[in-house]
Each structure stands twice: as C-alpha cells, then as structure tokens.
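Peer 1: The structure's right below; bear with me while I get my questions together.
The values are calculated or read from the model by the stated rules, or taken from the named source; none is laboratory data. All values derive from a computational prediction rather than experimental measurement. Quick reminder, even Gly has a Cβ in these numbers, built from the backbone with ideal geometry, and neighbours come from all protein chains shown.
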Amino acid sequence: MKNYPVQNPEEENFSFKMLFIERKDDFLYLWKRKFQIILIGVLGGIAGLLISFIWPVSYTARLTFVVEDSKSSGGGSLVSALAGQFGFDMNSLGGASGVLAGDNVEQLLKSNTILKNTLLTSYGDEQNHTLADIFAIKNKLIKSWESKYLNGEGILSFPTKTSNYSRLQDSLLQDIGKRIQKSGLSIVKPDKKLSFFELSTTMKDEKLAQLLCSRLLAEGADFYIQTKTKRLKTNVDKLQLRADSITALLNQKTYQASSSNRILLDVNPAYPTAKVGSEVKERDKIVLSTIYTEVIKNLEVSKTMLMQETPTVQIVDQPDLPLEKNKLKWWQGVAYGGFLAGLFYMIFLLFKQPARKNS
C-alpha cells in the first residue's frame, strides 16, 4: 500500500481588511456591553477614591550641589566644552578624575559606608533617636523585628554612642540601607554638560527626609575631601611637626649662645681655646636657622598646594521645609481606578468572547 504525502493546507494570507473586520466585531461585542463596562468603571473609580484617602503620604527632599575642583578647570574643560558642541562627551573618556566627578557621585553617596554613617546620626528629638530608628519606626519595622528576633522581650534600637553593634543590629542596618537605596534615594545629573547634581530622598517622615538628604551630602563631601587631600595633609603635618621641633632646638641654642657670650667677658685672654665653645654654639645656631628657614619655606609651599587641591562642594538649593508632599489625590484615584477597572473588564470580555461564539 502506497503512502501518499499529506499536503499541508495553504496558510491564510494576511489581510488588513480581515484584521479591520475582526477588530470591528470586537468593538461591536464590547459596545453591546457598554453599560456593564461603565458600571465596572464606576465601581473602580469608587475603589480608587477610597484608596486615595488611605494612601500613605511621603515627602521628597531635593538638594542641588556642584563640585568645584582645581583640576577640573583649564584646557581639558575647554576641550570638553568644545567637543560637547558637536555631541561628544569627553568626560566619559577619562576627562573627569575626581571621586565626585562624573558617575562616581552616585556610587559614593549610595555606598554602604556613607549611608550607614549618615543613618547613625542623631534625629534630634528628646529620646535621642537616630535616623535609622526613625526610619524603622515610620516604616513599622521595629515591632516586627522585635517579635521575630527578640520574641517580644527586648527593645531594638541603633544608638549613636555605641561603636560596636551586634550581628543583628549590623544585619538590620544593612536591610535599612538596601531599602533606602532601592526606593528612597536618587542621585541624578540633570545636564551632562554641567557639573550640577541633584540628590533627592523620599521618606514617610518630613524631617527624616530633610536630615538624610543634607547629612548624606555632608558625609560624602567630607570623605571626598579627606581622600583628595590625604597625601598633602600628611605632608603638611610632618613638616609642621619638624618645624616645631627645630624651633624648640633653635631657642635652646640661642639661650646657650647668649650664655657663652656672657661667660667670655670674664675669661682670661691667655687661654687660646676659651672661645671654641662659644663659636660651636654660634655655628649650631646658624645651621639650625638655615634648616628652619628651608623647612618653613617647604611648609608654606605645601600649605599653598593643599589649599589649591582642596575641592569645594557648594550647595545650590537646600531642602527647605515644607517639603514636596507625595499623595494620591482623590481625582487621580477616581481616574486611575475607573480606567484600570474598565480596561481589565474589557480584556476579560474579549478573552471570553470566543468561548461564547463557539457555544
């Protein structure tokens, strides 16, 4: 018995006309149920209205700052500005080399160390809470943590005066930091051609958002300046210590030389070596004076270099109270609720349509 090959049926050709007819049928199917869709939309709007009243309120603090670095000026910046006119970004090719230059600012201000040091600063209330304490209280984390990890028999807090935290406190601090990094902290550069940065924090407490935003920048700026000037600052401290020690020796030699000169007035001229001690002291005094002059000169040069290399983090806009309030308005709740409810119900009807036709 011969097996004849089965011929595949030809595929239907795509037609815009058929597509239009199918969409027209879908529209007519939905139009017949327009009152049901309107009713579902009204119910969704009422639900959105109720949700808008219980929607949690948050506050956003915004801070704009600029970083002024001595190395960022000069010929390199002129080349970058000229290249920017033709659409090229020279800073991304290594033109910006500072810790707070380019995209480094986002990684620095979001780093675990900077964020942890900021969270452990005082909130300034009567109970001496830290920013970490207030964040955990406002987000209703303290009670759940105490019942989960302490079985409800202890008090969990993050005091500022304690240098050594327990393993539990460190892990919970990391959890707070991850929550803030994920949804409560944002660092953006509005214009890539400019050196302005915008730091914003969103919290459920107005004062917490303001303090976290301001202190986070202060902590990051201090770290940046210390890192930038660490080598020069160490050199200045060493030269200052050496200058102080030479000053003490020079004063001592000066008193000794003066005492020797006074003794020479009563010495018998017949002794040829009587003036040797006085001359040695005068020589030591001159040598120390020469060394002191060079050390002071190098010290002043190092101080000048330190001042030139010290960057400036200038705040342009402070997060002043009252802060921007993030709240779902009643008309937004009605609009979103009605639109989403009607849309999902129409999708449900369209998926239900073929089963009704086949029946």
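Peer 1: Output the residues belonging to the range 201-227 that are over 14 Å from the mean Cα position of the chain (by Cα) and part of a helix (DSSP H, G or I). Can you show your working first?
Peer 2: Just the residues of the range 201-227 that are over 14 Å from the mean Cα position of the chain (by Cα), to begin with: 203-208, 225-227.
The answer is Glu206, Lys207, Leu208, Ile225, Gln226, Thr227.
Peer 1: Could you please find all residues in the range 101-150 being more than 19 Å from Arg215 (Cα to Cα), assigned to a helix (DSSP H, G or I) and of a type in the set (A, V, I, L, M, F, W, C)?
Peer 2: Scanning the range 101-150 gives Ile137, Ile142, Trp145.
Peer 1: If you take the residues in the range 207-219 that are charged (D, E, K, R) and surrounded by fewer than 19 Cβ atoms within 10 Å (Cβ to Cβ), which one is farthest from Asn298 (Cα to Cα)?
Peer 2: Step one: filter the range 207-219 for residues charged (D, E, K, R), giving 207, 215, 219.
Within this subset, residues satisfying the condition of being surrounded by fewer than 19 Cβ atoms within 10 Å (Cβ to Cβ) are 207, 215.
Values: Lys207: 48, Arg215: 36 Å.
That would be Lys207.
Peer 1: Quick check on Ala355: is it more than 26 Å from Ala248 (Cα to Cα), in the same structural domain as Ala248 (by TED's automatic domain parsing) and at pLDDT below 90? Walk me through how you get there before you give the answer.
Peer 2: Values: more than 26 Å from Ala248 (Cα to Cα): yes; in the same structural domain as Ala248 (by TED's automatic domain parsing): no; at pLDDT below 90: yes.
Criteria not met by Ala355.
Peer 1: Regarding the range 130-148, can at least one residue be identified that is in the same structural domain as Leu63 (by TED's automatic domain parsing), closer than 27 Å to Asp317 by Cβ, touching a residue at least 24 places away in the same chain (Cβ under 8 Å) and in contact with a Ser or Thr (Cβ under 7 Å, 6 or more places away or on another chain)?
Peer 2: Yes, that holds for at least one residue.
Peer 1: Something else now. Out of the residues in the range 156-200 that are under 16 Å from Val105 (Cβ atoms) and assigned to a loop (DSSP other than H, G, I, E, B), state the one that is nearest to the chain's Cα centre (by Cα). Lay out the reasoning, then the answer.
Peer 2: Restricting attention to the range 156-200, the residues satisfying the condition of being under 16 Å from Val105 (Cβ atoms) are 181, 185-200.
Remaining after also requiring assigned to a loop (DSSP other than H, G, I, E, B): 189-195.
Working: Lys189: 12, Pro190: 15, Asp191: 18, Lys192: 18, Lys193: 20, Leu194: 18, Ser195: 15 Å.
By that ranking, first place goes to Lys189.
Peer 1: So, in the range 192-206, exactly how many residues are of a type in the set (D, E, K, R) and either crowded, with 18+ Cβ neighbours inside 10 Å or closer than 14 Å to Phe65 by Cβ (or both)? Before the answer, list the steps.
Peer 2: Just the residues of the range 192-206 that are of a type in the set (D, E, K, R), to begin with: 192-193, 198, 204-206.
Narrowing further to those that are either crowded, with 18+ Cβ neighbours inside 10 Å or closer than 14 Å to Phe65 by Cβ (or both): 198, 204-206.
So the answer is 4.
Peer 1: Checking the structure you have, find out if any residue of the range 315-337 is farther than 30 Å from Ala209 by Cα, surrounded by 15 or more Cβ atoms within 10 Å (Cβ to Cβ), of a type in the set (Phe, Trp, Tyr) and at pLDDT 80 or above. Steps first, answer last, please.
Peer 2: If we filter the range 315-337 for residues that are farther than 30 Å from Ala209 by Cα, which is where we start, we get none.
Within the range 315-337 (the criterion being farther than 30 Å from Ala209 by Cα, surrounded by 15 or more Cβ atoms within 10 Å (Cβ to Cβ), of a type in the set (Phe, Trp, Tyr) and at pLDDT 80 or above), the answer is no, since none of the residues qualifies.
Peer 1: Taking the range 220-232, which residues are surrounded by fewer than 16 Cβ atoms within 10 Å (Cβ to Cβ) and in contact (Cβ under 8 Å) with a residue 12 or more places away in the chain?
Peer 2: Matches in the range 220-232: Thr227 only.
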